[in-house]
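The next block holds one structure in the form of structure tokens; read it before the comments.
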Amino acid sequence: MAIRTIHVGAWNRARSHLGVMTQSEDFEPVALVDVNDDFMAQGLDLADLGSDAAHSSLTEALDRHDCDAVVVVTPVVIHAPFIDEALAAGKHVMVEKPFTVSLEDAERAVATAEAAGLQLLVTQNDRLNPVYPTIRRHLGEETYGPPGYAVMIHHKARGGPYHDSPHMHLWQQGVHQIDTLLSAIPRTPVRVRGISVEPAWGTWPTPSLVHSIIEFDDGTSATYVGTSQARHSEFQFTVECEEAALATSGLRTNDSLLLKRGAEVESIPTDPPPGGMSPEEQISDMFARQINEGVDTQLSGRNNLITIRVIDAIARSTASGEAVDLG
Ligand SMILES: NC(=O)c1ccc[n+]([C@@H]2O[C@H](COP(=O)([O-])OP(=O)(O)OC[C@H]3O[C@@H](n4cnc5c(N)ncnc54)[C@H](O)[C@@H]3O)[C@@H](O)[C@H]2O)c1
């Protein structure tokens, strides 16, 4: 039987998941929640639902419709209250990145879900770009020897701040890159240093630039430098292994992977995505498998806590000036 879903947030980023889940045999969207009439109308049209499926609050939607799961794709500071309400109603939850904007909220959600036997999934789509699972496989198999260190640099010329939130660059954009970096390096992060700054000419309400260093359990280290207030756009990720470096550039899903050795640079193939699925199709497939088979996937709430702990540690290290042990 299809998993019946209520979608909180009907348009913009929400339409990516709503469109895929409407087409999927695994899901049946039954209601939408939104506060914007135009976005609601577009969401109803996409999901082929009537006006009786439109609600302005999750409380009302849960009251009027039988459902199994809630999909939250709203501005970030209201993820946590919607997750809490859905779990309290006994529903599985799929939530857009970032899981929440505080470690405490994310840990509470995971504990509540596990105590109630409910599934949580956080839709970190960037890590599903085929270059990253391919890097992870090469590092795991030590194709080019063991990894030594990694460097990720992201200049994003966004043009303006994100929705209001604590440390908006880190929680709303940096969370993609930190999650991806952690997914590509098959090691456990143990210690984090970070500084967060606003350029002298910057205009953001919270720091738009982060420098951080992550140490892993085997001595591998990684540097992440990211900003959303750059004056140009560029992305680079390099992992130096004993015999050669694996490198990628750009953020598109058809990016190629480069092998660099001395002055030689060659393009190497990336592994095909599972079942040829797009990142959003993989996400809904993982959510269905979590619910139907009880399997743990890479996007489960518990697994996402590692990313949230590193994000929280970067913010705490900025405040204290000290390295933060992840324990
Ligand atoms: N993975 C990605 O590539 C990607 C890209 C963009 C945004 N996002 C994430 O998606 C989420 C939403 O971002 P967005 O830019 O689409 O935001 P948005 O402001 O466009 O809001 C998304 C939807 O939520 C609705 N909404 C706002 N307040 C609401 C409320 N109180 N109750 C119900 N619905 C409400 C909006 O009307 C809209 O339809 C965020 O978590 C963001 O970080 C992810």
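Here are the numbers for the structure shown:
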| quantity | calculated |
| --- | --- |
| Net charge contributed by nearby residues that have their C-beta within less than 13 Å of GLU60 (K/R +1, D/E -1) | -3 |
| Assigned charges on the beta-carbon of Lys, Arg, Asp, Glu; the chain dipole about Cα centre (debye) | 860 debye |
| Given charges at beta-carbon only (K, R positive; D, E negative), |dipole| of the stretch 186-327 in Debye | 460 debye |
| The stretch 162-270 - charge dipole about Cα centre, Lys and Arg +1 at Cβ, Asp and Glu -1, debye rounded to 20 | 260 debye |
| Neighbour-limited loop hits for GluC sites (Glu not before Pro), the stretch 235-284 (at most 14 other Cβ within 10 Å; DSSP other than H, G, I, E, B) | GLU242, GLU243 |
| Highest-MSF residue in the chain out of GLU107, GLU293, GLU215 [GNM, Cα springs under 10 Å] | GLU293 |
| Residue among GLY262, SER102, MET1 farthest towards the positive dipole end of the chain, charges placed on Cβ | GLY262 |
| Tensor-based shape of the stretch 87-207 (alpha-carbon gyration tensor, a/c under 1.5 rounded, otherwise prolate or oblate) | oblate |
| Charge dipole of the stretch 1-133 about the Cα centre (unit charges at C-beta), most positive-ward option of GLN119, PRO81, PRO133 | PRO133 |
| Spacing of the two label points (7 Å from each Cα toward its C-beta) at ILE78 and THR253, in nm | 2.8 nm |
| Relative contact order (%) - criterion: Cα under 8 Å, at least six apart; region: the stretch 217-327 | 10 percent |
| Rounded, prolate or oblate (a/c below 1.5 giving rounded, otherwise prolate when a/b exceeds b/c) for the stretch 198-320 by Cα gyration tensor | oblate |
| Residues in the stretch 286-327 reached by a label modelled at GLU114 [backbone nitrogen below 18 Å; 7 Å Cα→Cβ] | 290-291, 294-310, 326-327 |
| Residue-averaged 222 nm ellipticity for the chain, from DSSP H runs of 4+ at -39500 (n - 2.57), nearest 500 | -10500 deg cm²/dmol |
| GNM top mover of TYR132, TYR144, TYR162 - the chain, alpha-carbon springs below 10 Å | TYR144 |
| Three-way shape label, the stretch 1-101, alpha-carbon gyration tensor, a/c 1.5 | rounded |
| Per DSSP, loop trypsin sites (Lys or Arg not before Pro) in the stretch 250-327 with at most 16 further Cβ within 10 Å | ARG252 |
| Zone residues, the stretch 7-31, relative to ASP48, backbone N less than 19 Å from point 7 Å out along Cα-to-Cβ | 7, 15-31 |
| Listed residues VAL324, TYR162, GLY43: farthest to the positive end of the dipole of the chain (Cβ charges) | VAL324 |
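Bear in mind these aren't lab numbers, they're just calculated from the coordinates by the rules spelled out. From a predicted model like this one, the values you see are computed outputs, not experimental measurements. All Cβ positions, even for glycine, are placed from backbone atoms using ideal geometry, and neighbour counts span all protein chains on display.
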